[in-house]
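Written below as structure tokens is the structure these notes are about.
Just so you know, all these numbers are worked out from the coordinates, no wet-lab data involved. Here the structure is a predicted model, which means the values were calculated and not measured. A quick note on method: Cβ atoms are made from the backbone with ideal geometry, for glycine too, and the neighbour counts reach across all protein chains shown.
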Amino acid sequence: MLVDDVEGGAERECTGCGSRAFIADSAEFWEDADPGAAGCPCGSEAFEAAVAFSLADDGSVRWVTVGLRCRRDGVVGVYADWKIDYSPTDHLLSMF
């Protein structure tokens, strides 16, 4: 998993097949990102990922948060989050 914890954004990689995919709208901003590999304090870089969306009163996405759980020791943490300041945002809910 590559994450940009400054500007926000994430790219996931399947540990089984190696395929890669951006989370939410990360691809749109990746060129300007400075991503690094997510790492657990135990040294592992293999995670189970979860994506959460914070919604405004009108149902539009306002924040995207990426949480990771280490596959070795089970430690959980938030590795990236970013604010969404445009609309419409419905497409983001299916881009994880």
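Over all directions, average the projected area of the Cα convex hull of the chain and note it in nm². Walk me through the numbers on the way to the answer.
Numbers: hull surface 25.5 nm².
Across all orientations, the chain yields a mean hull projection of 6.4 nm².
Taking the Cα-to-Cβ direction at Ala56 and at Val76 and moving 7 Å from each Cα, how far apart do the two end points lie in nm?
Going by the 7 Å Cα→Cβ label model, 2.9 nm.
Which net charge results for the neighbourhood of Glu48, defined as the other residues with beta-carbon distances under 14 angstrom from its beta-carbon, given Lys and Arg at +1 and Asp and Glu at -1? Let's see the in-between values first.
Details: positive: Arg12, Arg69, Arg71, Arg72; negative: Glu13, Glu45, Asp73.
Result for the neighbourhood of Glu48: +1.
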